[in-house]
Amino acid sequence: MGLPDGLNSGSSSGYVDTLRNPWESLQIPAPGEKSLFVKGAVENVLERSSFVQLLDGSVVELDQSFRDLILQSLNEMSTSALRVLGFAYKEDIPEFDTYNGDEDHPAHQLLLNPDRYSSIESKLIFVGLAGLRDPPRKEVRQAIEDCIAAGIRVMVITGDNKNTAEAICREIGIFGPNEDISSRSLTGRDFMDYHDQISHLRQSGGLLFSRAEPRHKQEIVRLLKADGEVVAMTGDGVNDAPALKLADIGIAMGIAGTEVAKEASDMVLADDNFGTIVAAVGEGRSIYNNMKAFIRYMISSNIGEVASIFLTAALGIPEGLIPVQLLWVNLVTDGPPATALGFNPPDKDVMKKPPRRSDDSLISAWILFRYLVIGLYVGIATVGVFIIWYTHNSFFGINLSGDGHSVITYSQLANWGQCHSWDNFSVSPFTAGAQVYNFDTNPCDYFQTGKIKAMTLSLSVLVAIEMFNSLNALSEDGSLLTMPPWVNPWLLLAMSVSFGLHFLILYVPFLALVFGVVPLSLNEWLLVLAVTLPVILIDEILKFVGRCTSGFRYSGARKPSKHKAE
């Protein structure tokens, strides 16, 4: 609104020099005289003006023809994306004839009450207009397009003239060049008088609110929040502070912003660049996805470990993993990949997905289902390789008889506790590393002492399958074909460290004795790979299903709104 720019005593030549063109024909008051200088929205300044000063310095009555001429000039300038200010002055202000800045003077109370400004700003002398060109930064248009792709609605709330605001919005891509925006562009006053404000705000695409006052901005934010939207509000002035405070995320300008706006905000932009907000949204989504990747990896891996223990007990076979091995996997082997997942780069489509709802849970039903499927496979693979070693001499063409171990039936393995009651049960000695395991005196030791090779295979499968599962965690729904492992070199390094530590306990005799493992041959490593690699294929299938059904899962999501106040 057109509020007083200042009530000055004495010479006002500083204002005259600064605004030379609008004031060039104005007679500068003599020292000691009181004058009122007003700048603001042209329409509002005109409402309070009764006279107009012509180029020759004469002052005449401001009739309708002059008003129409001024408004025509305003329309021409504003449609060219110029921000237009109107200027007026007043010399006869009797309330301030004796005012000298004394706080006890009655005029001082007038200055402290904004509601009285309209009475002071009356019968003004209109002197001219000034068009200001404030071109948008070149990166703003791309930022707006990124917001639209990300499902973020951009609303412009500004105090500018409607024509100016519409021209700027077309320039930055809020509206199309020839788009009909009659239903999407309102002044603040028109919106407050609108019969169905919520329906207007629910329109798809961008919206514009021009000639907005602080209370209009605050009311728009309040209505959006009441309708379940997540509102980010940007602003730089004192009049933006109430809306910034009310918004879910208040964003103030760090360079041009006032201290009041900064204090009322949750975030301050150091470069005053709208593109930085969009970049921050992408970074926030990436951090959230990395957090989910860490959780997804750890939970699916732990479910696998629990599943392996449960299956071992349910099937009645000997224990495939001892406590020190499980502790090693949890504390040492899983740690580096889990940490490296925090360095995942953003998904290529991170800014093309709809926003999540503010009440969305961290783990959805679909993600939990994926945890269970992957975890169950980890358990099956870990227990399965244990059974394979006991019951097969070869598996998918991989020869496992090189160590000379005896093959038994699954029924014998599942009922190993009854071994002492079996007639004519015997097993051959086998070689593991540099040691030969002989069971001539007690064949039933084959299920206790002799399980060291099968147990090593189970541990190796668990370690390897969790390494490959960490590759699945690079992206929640993105395939490894579009987001290959080398996009996160830290993860590859972490996997190398984990595999290196595992090789260390296998091939260093002292550590092998501590962890109850033995070295594996090449064929046995091929068996480990054959059992573990399918975890990638399984998750790729689940990701494909997730991508195909993402439209259904996101269809109910309300789209957060981002509002920009200028």
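Over region 308-398, what number does the Rg to Rh ratio reach, with both radii from the alpha-carbon atoms and Rh per Kirkwood? Rg divided by Rh gives 1.10. Extending 7 Å from the Cα toward the beta-carbon at both Phe310 and Arg215 defines two label points whose distance is 6.2 nm. Local charge for Pro106 was computed over the other residues whose Cβ lies under 12 Å away, with Lys and Arg +1 and Asp and Glu -1, and equals -4. Helix-only arithmetic for the chain: the sum of -39500 (n - 2.57) across DSSP H runs with n ≥ 4, divided by the residue total, places the mean residue ellipticity at 222 nm at -14000 deg cm²/dmol.
Shown is the FRET efficiency for Ser521 and Ser479, computed with R0 = 35 Å from the Cβ-Cβ distance and rounded to the nearest 0.05: 0.55. Report, to the nearest 10°, how far helix 522-532 tilts away from the longest principal axis of the Cα atoms in the chain, using its own Cα long axis and a range of 0 to 90°. Result, in degrees: 50. Under 16 Å from a label point set 7 Å out along the Cα-to-Cβ vector of Val59, the amide N atoms of region 111-133 belong to 120-128. Taken over the chain, the ratio of Cα radius of gyration to 2.2 N^0.38 Å equals 1.54.
Once the chain from Glu283 to Asn393 is taken as fully extended at 0.36 nm per residue, the excess over their C-alpha distance is 34.4 nm.
Placing dummy labels 7 Å off each Cα toward the beta-carbon, the span from Tyr410 to Leu326 is 2.4 nm. When you count the other C-beta atoms within 10 angstrom of each residue and take the mean per peptide, 489-502, 169-182, 208-221, 191-204 line up highest first as 208-221, 489-502, 169-182, 191-204. Cβ-Cβ distance of Val268 and Glu139, R₀ of 22 Å, FRET efficiency by 1/(1 + (r/R0)^6): the value works out to about 0.70. If the segment from Asp445 to Ser426 were pulled out straight at 0.36 nm per residue, it would be longer than the present Cα-Cα gap by 5.8 nm. Helix 140-149 and the longest principal axis of the Cα set of the chain meet at an angle near 50°. Under a Cβ-Cβ cut-off of 15 Å, what is the net charge of the residues other than Ser50 that fall near it, where Lys and Arg count +1 and Asp and Glu count -1? After counting each charged neighbour, the total is -2. Across region 318-337, the residues whose backbone nitrogen lies under 11 Å from the label position 7 Å along the beta-carbon direction of Val497 are 332-337. Measuring between alpha carbons in the structure, the pairs from Lys123/Lys262; Lys292/Lys348; Lys39/Lys217; Lys34/Lys162; Lys138/Lys543 lying more than 26 angstrom apart are Lys123/Lys262; Lys34/Lys162; Lys138/Lys543.
For Ala261, neighbours were defined as the other residues whose beta-carbon sits under 9 Å from its Cβ, and their charges (Lys and Arg +1, Asp and Glu -1) total -3. Of interest is the spacing of the C-alpha centroids, which for region 402-451 and region 81-95 amounts to 102 Å. A Förster radius of 56 Å, combined with the Cβ-Cβ distance separating Glu91 from Ser183, puts the computed FRET efficiency at roughly 0.80.
Modelled spin labels at Leu71 and Ile198, positioned 7 Å past Cα toward Cβ, are 3.6 nm from each other.
Bear in mind these aren't lab numbers, they're just calculated from the coordinates by the rules spelled out. Predicted, not measured: the structure shown is a model, and the values here were computed from it. Methodologically, a virtual Cβ is constructed for each residue, glycine included, from the backbone with ideal geometry; neighbour enumeration extends over all protein chains shown.
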